[in-house]
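What follows is a single structure, written as structure tokens, with notes after it.
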Amino acid sequence: QVSAALKEGHVSPRELCRRCLALIKSTRFLNAYITVAEETALRQAEESEERYKRGQPLGVLDGIPVAVKDNFNTAGIETTCASNMLKGYISPYNATVVQKLLDQGAVLLGKTNLDEFAMGSGSTDGVFGPVRNPWSYSRQYKEKSVPKSHSEDKESNWVITGGSSGGSAAAVSSFTCFAALGSDTGGSTRNPAAHCGVVGLKPTYGLISRHGLIPLVNSMDVPGILTRCVDDAAVVLGSLAGHDPKDSTTVQDNFKPFELPDLPDVSKLCIGIPKEYQAPGLSSEILALWSKAADLFKNAGAKVTEVSLPHTRYSIVCYHVLCTAEVASNMARFDGLEYGHRSEMNRSTESMYAATRREGFNDVVRGRILAGNYFLLKQNYENYFIKAQKVRRLIASDFVKVFGSGVDVLLTPTTLSHAVPYLEFIKEDNRTRSAQDDILTQAANMAGLPAINVPTALSERGLPIGLQFIGRSFQEKQLLTVAKWFEKQVKFPMIQLEEVKRHNHDVFQHQKSASFS
């Protein structure tokens, strides 16, 4: 809709960019952005405007304001990973996905907040402070929550965004951009998408280039896409997918962008309901929504069948062994010699290394490095790392068997509950929280499968709940078609940000439309 408005001249790229920048300023309290590239964005919008005047837009994304998680390299714009280790670091090149967005004419507004080096599930552990969920300030949430006092409402009643791509999810949810990039290693795009009421797509491993994404777990990392509707996710995917000679893990085949049907038909599909996803701690609200969603498909003529993924119960332990092992390897590059923070400790090279890493990394990152190095010790390698790799193969085989039995798409919850208040979230340590929050999402990463969160309903507290669809490898079109059908059925309500609306009536009115496709 916005793309059409740009083509028809109803709004100019510069005007759209200025409106988004104004919204970023008025929602600064959300802490969604680490860096706002105002000058760069306005220059890109000006260039886009010139192209539209000549009648030569670069594509659907030309002039569309987007944001990028701050663990993707961006030439000329600081890339910090929300860590002291990379404060002030400016990359000499763009990540492939960033370059592809710019090549399509997208306007890059800035870099979004995250857990340090993407290690977390709340977007609370970065050096720039926690991200606040826009729904904390929505009319829907305020009507349902009863704070003890006005000050408590402002200061302690706000809820987390989920993570680690919480800044990107908050940016899309609060209308400051139309699409954002996240990264997804164990659910870091889908988890915050569920908590912030937006669409979060994790594509098949190898479909989108990881070149320029600062790695967490090379064998599971995937650039994720956050948008306000499924159609938009399909458009962004079409711009980003395909082989990249700079990333040897990308698929060799050419990717053909696709349009989703306006009236999707699910009557000939088989939807699988994995019984193992009724995990301990799953809220009764989400369980009921999951059941209602299955009934929607049944009533539309689809076959709905219970399936088993027997090794799911081992997946979270397996994930944490493999995750920490690869983290230990990836974090070794931050030694203070080539880029990033360097300690002033100069007694010896070894002391400089140690001091740099102690000063640059937070406790969470250091803890994962320590655990990973323990699993990789010679005496532990066979018992932990190799065994976890074998279990990972069994988990992937479970999915192959289920999809081989005729199931087209799996329907599961995305999270165990709606977003929790920040003060409640930080009562437990990062590792415990990550184990709980990744339990329903990380298996798709270990199997390399595409998965998408679709916002489904509001909880009794007025907060978003999402459900997850998991598809076959490289069958994004089928997965997104099912997701679009479901999105049309549930009609998820739009966030009503009263404070923003009061201060930015015109901006908010213009951005009511969720879609740019």
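Here is how the numbers come out for the structure above:
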read-out: Long-range amide H partners of residue 244 with built H, under 5 Å; value: 250
read-out: For q = 0.21 Å⁻¹, Debye-computed log10 I/I(0) when each Cα of the range 133-253 counts as one equal scatterer; value: -1.09
read-out: Dipole magnitude (debye, nearest 20) for the chain, charges at Cβ of Lys, Arg, Asp, Glu; value: 520
read-out: Along principal axes, Cα extents of the chain, largest first, whole Å; value: 64, 58, 54
read-out: Helix-only mean residue ellipticity at 222 nm for the chain, each DSSP H run of n ≥ 4 adding -39500 (n - 2.57), per residue, nearest 500; value: -12000 deg cm²/dmol
read-out: Segments 353-361, 66-74, 376-384, 27-35 sorted - mean Cβ within 10 Å per residue, highest first; value: 66-74, 27-35, 353-361, 376-384
read-out: The chain: relative contact order as a whole-number percent, Cα under 8 Å and 6+ apart; value: 19
read-out: Solvent-accessible area per residue for the chain (1.4 angstrom probe, square angstrom); value: 39
read-out: Hull volume in cubic angstrom per residue (convex hull over the Cα atoms of the range 18-71); value: 89
read-out: DSSP bridge pairs, the chain: antiparallel proportion in percent, nearest 5; value: 65
read-out: Note, ³J(HN,Hα) from phi for the range 480-486, Karplus 6.51, -1.76, 1.60, rounded to Hz, x at Gly and Pro; value: 6, 5, 5, 4, 5, 4, 5
read-out: Cross-link pairs 275/298; 144/484; 111/477; 144/202 - those with Cα-Cα distance over 25 Å; value: 144/484; 111/477; 144/202
read-out: Accessible area of the chain belonging to carbon and sulfur atoms, whole % at 1.4 Å probe; value: 50
read-out: Alpha-carbon centroids, the range 81-136 and the range 191-244: separation in whole Å; value: 14
read-out: The range 378-417: C-alpha pair distances exceeding 14 Å, %; value: 65
read-out: Spatial extent of the range 390-508: Rg and Dmax, with the Cα atoms as the point set, Å; value: 17.7, 56
read-out: Under 29 Å, Cα to Cα: Lys pairs in the range 301-401, sequence gap 8 or more or different chains; value: 5
read-out: At 0.890 mPa s and 25 °C, Stokes diffusion of the range 1-137 via Kirkwood alpha-carbon radius, µm² per second; value: 157
read-out: With 5 Å bins from 0: P(r) over the range 214-292, alpha-carbon pairs, percent; value: 3, 10, 12, 13, 16, 20, 14, 10, 3, 0
read-out: ³J(HN,Hα), Karplus 6.51/-1.76/1.60, whole Hz, each residue of the range 3-10, x for Gly, Pro; value: 4, 5, 5, 5, 5, 7, x, 5
read-out: Residues whose placed amide H lies under 5 Å from that of residue 184, excluding near-sequence neighbours; value: 222, 224
read-out: Alpha-carbon radius of gyration plus Dmax, which is the widest Cα pair, for the range 286-329 in Å; value: 17.1, 50
read-out: Column: log10 I(q)/I(0), Debye, Cα scatterers of the range 316-450, q = 0.13 Å⁻¹; value: -0.75
read-out: Span from the the range 412-428 Cα centroid across to the the range 306-358 one, whole angstrom; value: 25
read-out: Nitroxide proxy distance, nm - points 7 Å out along Cα→Cβ at residue 299 and residue 491; value: 1.2
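The values are calculated or read from the model by the stated rules, or taken from the named source; none is laboratory data. Worth saying up front: this structure is predicted, and the values here are computed from it rather than measured. Neighbour counts run over all protein chains shown; Cβ positions are idealised from the backbone, glycine included. What goes into the accessible areas is simple: the full protein's heavy atoms, side chains included, and nothing from ligands, DNA or RNA. Shrake-Rupley method; radii C 1.70, N 1.55, O 1.52, S 1.80 Å.
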